[in-house]
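**Q** Pasting a structure here, questions to come.
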Amino acid sequence: MEEKLSSKAGAKPIRCRAAVSRKPGEPLLIEEIIVAPPMPREARIRIICTSLCYSDITFWRMKEFPGVFPRILGHEAIGVVESVGEDVTELIEGDIVIPTFMPDCRECMDCKSEKSNLCSNFPFKVSPWMPRYESSRFKDLNGETLYHFLSVSSFSEYTVVDVAYLTKIDPGFPPNRACLLSCGVSTGVGAAWKTANVEAGSTVAIFGLGSIGLAVAEGARLCGATRIIGVDVNPDKFEIGKKFGVTDFVSAVNNGGKPVSQVITEMTGGGADYCFECVGQAALVQEAYACCRKGWGKTIVLGVDKPGSQVALPSNAILQSGKILIGSLFGGLKPKSDIPVLLKRYTNKELHLDEFVTHEVGFEDINKAFDLLIEGQCLRCVIWMNKNE
Amino acid sequence: MHRVVESVGEDVDEVSEGDVVIPTFMSVCGECADCISKKSNLCSKYPFKICPWMPRYETSRFTDLKGQVLYHFIFVSSFSEYTVVDVCNVTKIDPAVPPNRACLLSCGISTGFGAAWKTAEVEKGSTVAIFGLGSIGLAVAEGARLCGAARIIGVDINPNKFEFGKKFGVTDFVNAANCGSKSVSQVINEMSGGGADYCFECVGLASLVHEAYACCRKGWGKTIVVGVDKPGSKLSLSSFEVLHSGKKLMGSLFGGLKAKTDIPILLARYMNKELQLDEFVTHELQFEDINKAFDLLIEGECLRCVIWMQK
């Protein structure tokens with residue numbers, strides 16, 4: 001297949017630095033790699049900055065498929081188009097783009113429908129390859145193939161991304177804010193705004209106050225929720241959460257033996273109108289469902305659990321409670337239409353982004369970002385590819 | 001069930017002697033947050049439970065001739081010439097509606113119809129799959145038909161249900177016992193090109209709810225649980241699928257309907273010849289033959305068997 005397709009005449013490979021993950025759980029190695037020119041419907045992007053998301057860590061640690069090595073991780077980023085492949089009309093060199101793990105082809109039934117953001121042309125999967133041609137654009141200096149990650153691979157000075165996964169934005173946004181909309185903040189804000197459709201005056205409970213959970217809080221705040229209950233094992237998260245609208249805090253562990261769902265059901269007089277699970281644990285999804293209000297309550301699942309995990313719900317509760325269970329991938333958002341909307345709300349000072357960025361490091365210190373996130377010491381750590389940007 | 005008020009207790013203004021009423025297991029107090037909200041039909045004041053007593057005073061109104069207490073059943077207990085029902089469980093109706101049609105809205109048909117109309121909000125032109133073509137499932141089909149669904153796939157182990165189902169709008173039939181090496185959900189995914197927009201489980205088996213969820217279309221599909229499973233039963237779903245599929249899972253009790261306002265609406269639609277009720281009544285018996293009704297239903301030989309208290 002690769003023989004028939006070729007990059008544009010004159011397009012050359014680029015040699016640049018990348019942070020390569022060669023073994024599960026081991027520090028990334030800054031190496032020079034070769035980045036091939038873009039194929040048709042692809043663009044080669046110079047990454048300006050990228051931020052670390054826990055999903056990167058999940059797959060960095062994963063020894064079995066879909067964990068694969070050696071790989072270029074990273075999926076939350078912002079960059080500049082360096083060159084485009086054939087048949088690309090929507091982007092040109094110099095455009096500022098936000099790559100996303102969520103595709104937005106704008107042609108399939110799902111992309112055209114208001115009710116779904118799950119593109120049918122590029123169904124989501126954690127693949128080692130580029131989405132359209134199932135091949136890699138990366139090689140190391142020994143000629144060995146390096147695998148892609150979530151169709152983005154942003155831990156590299158240059159990457160190649162399919163146009164279905166690129167959202168063009170206006171220049172002028174601070175890159176270390178705009179990059180957050182590439183994954184985490186969009187996912188959380190979208191979950192509250194689009195998936196749950198949080199109503200003004202309602203009560204929301206959020207399980208897990210990492211960047212995703214705090215982004216849910218921010219989204220719920222913007223929707224006018226009056227009570228936002230944050231649940232976490234780390235009590236420091238309450239102070240941090242207040243900046244994003246969290247009004248009440250419940251410890252996930254210190255309730256004298258009472259399940260968290262009981263605490264929440266009691267403090268809300270029957271359950272929260274919306275419960276969001278932002279950790280990725282079936283037991284927490286079950287807790288969230290249990291303290292979601294009967295009649296109209298929605299339980300929204302955002303966290304990425306380990307492969308094979310199962311959520312168990314009592315059949316009677318499903319029938320008799322009137323509760324709704326729904327998952328939210330990328331917050332139910334369509335990147336190309338919704339990221340610009342969120343950027344505008346940031347510019348209008350409605351949406352808070354600044355407070356998510358707790359650390360900033362240079363590319364060579366990317367492993368420090370991993371340490372910080374694993375130790376729960378940061379929200380978003382932005383990694384700048386170029387000191388001079 | 002369809003009754004005439006014989007007498008009322010103190011503080012009853014809504015109904016008086018001679019009124020024709022439909023009792024329901026679902027309460028409507030009209031005052032609590034749920035009754036006031038459009039989004040819920042689960043009355044908080046008298047929550048649904050399988051209770052041996054009257055809802056308000058937790059006592060029984062029945063004794064046998066030896067003085068032994070006889071228990072109530074889900075706030076109705078209609079297998080008696082006379083029963084006592086709380087006003088929250090009573091809907092007054094137009095006396096002109098034939099009783100052996102109106103009584104169906106007391107539970108089964110309202111449940112199925114409402115599940116499609118209110119809970120799922122079936123959209124015109126959509127594809128619906130219904131697991132279990134008993135009275136409930138067929139009522140879901142009827143509701144989906146009235147909502148304008150273009151394709152209504154019925155799933156059952158009894159092939160006779162297809163002919164029956166056609167009367168209520170079922171367009172395709174899948175015999176759950178005859179899918180060969182394929183699962184029912186696989187068959188439905190293939191025939192619908194990716195899954196049905198709405199899947200209804202109308203039997204009460206976690207394994208079928210699982211199948212229904214599996215062949216519900218990603219992106220916007222809704223899986224609605226209507227069947228009553230045994231106590232302690234659990235549904236197990238893949239966390240990956242919950243997160244990545246965009247599918248919604250919800251239950252529907254009494255079809256999401258508020259008895260006092262919605263039963264009269266459905267009755268009016270019957271009188272206007274939009275909603276079909278006649279075809280649900282396959283048998284009619286006298287009170288003394290009530291056990292024959294049990295036999296018929298257990299053997300899968302009937303849809304609704306109406307029992308007349310008086311000749």
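The values are calculated or read from the model by the stated rules, or taken from the named source; none is laboratory data. Computed from a predicted structure; not experimentally measured. A quick note on method: Cβ atoms are made from the backbone with ideal geometry, for glycine too, and the neighbour counts reach across all protein chains shown. Each accessible area value is taken on the protein alone, full model and side chains, heavy atoms only, with ligands, DNA and RNA left out. Shrake-Rupley method; radii C 1.70, N 1.55, O 1.52, S 1.80 Å.
Table: residues versus (1) open to solvent by 60 Å² or more (accessible area, probe 1.4 Å); (2) without any contact (Cβ under 8 Å) to a residue 40 or more places away in the chain; (3) within 14 Å of another protein chain (Cβ to nearest Cβ); (4) more than 19 Å from A:Arg46 (Cα to Cα).
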site: A:Thr100; (1), (2), (3), (4): no, no, no, no
site: A:Glu114; (1), (2), (3), (4): yes, yes, yes, yes
site: A:Val126; (1), (2), (3), (4): no, no, yes, yes
site: A:Met130; (1), (2), (3), (4): no, no, no, no
site: A:Glu144; (1), (2), (3), (4): yes, no, no, yes
site: A:Ser151; (1), (2), (3), (4): no, no, no, no
site: A:Phe155; (1), (2), (3), (4): no, no, no, no
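**Q** Let me ask something else. Got a sec? Which of A:Asp104, A:Asp87, A:Asp110 is in the same structural domain as A:Cys49 (by the TED database), open to solvent by 20 Å² or more (accessible area, probe 1.4 Å) and not hydroxyl-bearing (Ser, Thr, Tyr)?
**A** None of the other options fit; the residue is A:Asp87.
**Q** Here is a further query. For the stretch B:215-241, name all the residues that are within 7 Å of chain A (Cβ to nearest Cβ) and either among the small types (Gly, Ala, Ser) or within 18 Å of A:Asn197 (Cα to Cα) (or both).
**A** Within the stretch B:215-241, B:Gly219, B:Trp220, B:Ser233, B:Ser236, B:Ser238, B:Ser239 qualify.
**Q** With respect to the numbered conditions (1) of a type in the set (D, E, K, R); (2) within 14 Å of chain A (Cβ to nearest Cβ); (3) surrounded by 14 or more Cβ atoms within 10 Å (Cβ to Cβ), which one is the sole condition not fulfilled by B:Lys38?
**A** (3)
**Q** Say whether the condition of being part of a loop (DSSP other than H, G, I, E, B), outside the structural domain of B:Pro23 (by TED's automatic domain parsing), more than 30 Å from B:Glu299 (Cα to Cα) and over 14 Å from the mean Cα position of the chain (by Cα) is met by at least one residue in the stretch B:108-122.
**A** Yes - at least one qualifying residue is present in the stretch B:108-122.
**Q** Show me the strands (runs of 3 or more DSSP E) entirely contained within the stretch A:1-92 in which 1 or more residues are small (Gly, Ala, Ser) and under 19 Å from A:Glu157 (Cβ atoms).
**A** Output list reads A:14-20, A:42-51, A:76-84.
**Q** I've got another one for you. Can you tell me which of A:Thr195, A:Thr167 is crowded, with 20+ Cβ neighbours inside 10 Å, out of contact with any Leu (no Cβ under 8 Å at 6 or more places or on another chain) and either among the charged types (D, E, K, R) or closer than 30 Å to A:Met267 by Cα (or both)?
**A** Within the list A:Thr195, A:Thr167, the selection yields A:Thr195.
**Q** Does the stretch B:72-95 contain any residue that is small (Gly, Ala, Ser), open to solvent by 10 Å² or more (accessible area, probe 1.4 Å) and farther than 24 Å from B:Val8 by Cα?
**A** Within the stretch B:72-95, not a single residue is small (Gly, Ala, Ser), open to solvent by 10 Å² or more (accessible area, probe 1.4 Å) and farther than 24 Å from B:Val8 by Cα.
**Q** Kindly indicate whether any position in the stretch A:325-342 is facing chain B (nearest Cβ under 7 Å), assigned to a strand (DSSP E or B) and open to solvent by 20 Å² or more (accessible area, probe 1.4 Å).
**A** If we filter the stretch A:325-342 for residues that are facing chain B (nearest Cβ under 7 Å), which is where we start, we get A:325-327, A:329.
Filter again for assigned to a strand (DSSP E or B), leaving A:325-327.
Restricting the remaining residues to those that are open to solvent by 20 Å² or more (accessible area, probe 1.4 Å) gives none.
For the stretch A:325-342, residues facing chain B (nearest Cβ under 7 Å), assigned to a strand (DSSP E or B) and open to solvent by 20 Å² or more (accessible area, probe 1.4 Å): absent.
One line per residue, one yes/no per condition, for (1) under 23 Å from A:Ser315 (Cα atoms); (2) under 22 Å from the mean Cα position of the chain (by Cα); (3) not β-branched (Val, Ile, Thr):
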{"residue": "B:Asp156", "(1), (2), (3)": "yes, yes, yes"}
{"residue": "B:Asn175", "(1), (2), (3)": "no, no, yes"}
{"residue": "B:Gly180", "(1), (2), (3)": "no, no, yes"}
{"residue": "B:Ser185", "(1), (2), (3)": "yes, no, yes"}
{"residue": "B:Asn189", "(1), (2), (3)": "no, no, yes"}
{"residue": "B:Ser192", "(1), (2), (3)": "no, no, yes"}
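**Q** Looking at the stretch A:280-298, I want the residues that are more than 8 Å from chain B (Cβ to nearest Cβ) and have a partner that is open to solvent by 50 Å² or more (accessible area, probe 1.4 Å) and in a helix (DSSP H, G or I) with Cβ atoms under 6 Å, at least 6 apart or on another chain. Which pairs are those?
**A** As it stands, the answer is none, since no pair meets every condition given.
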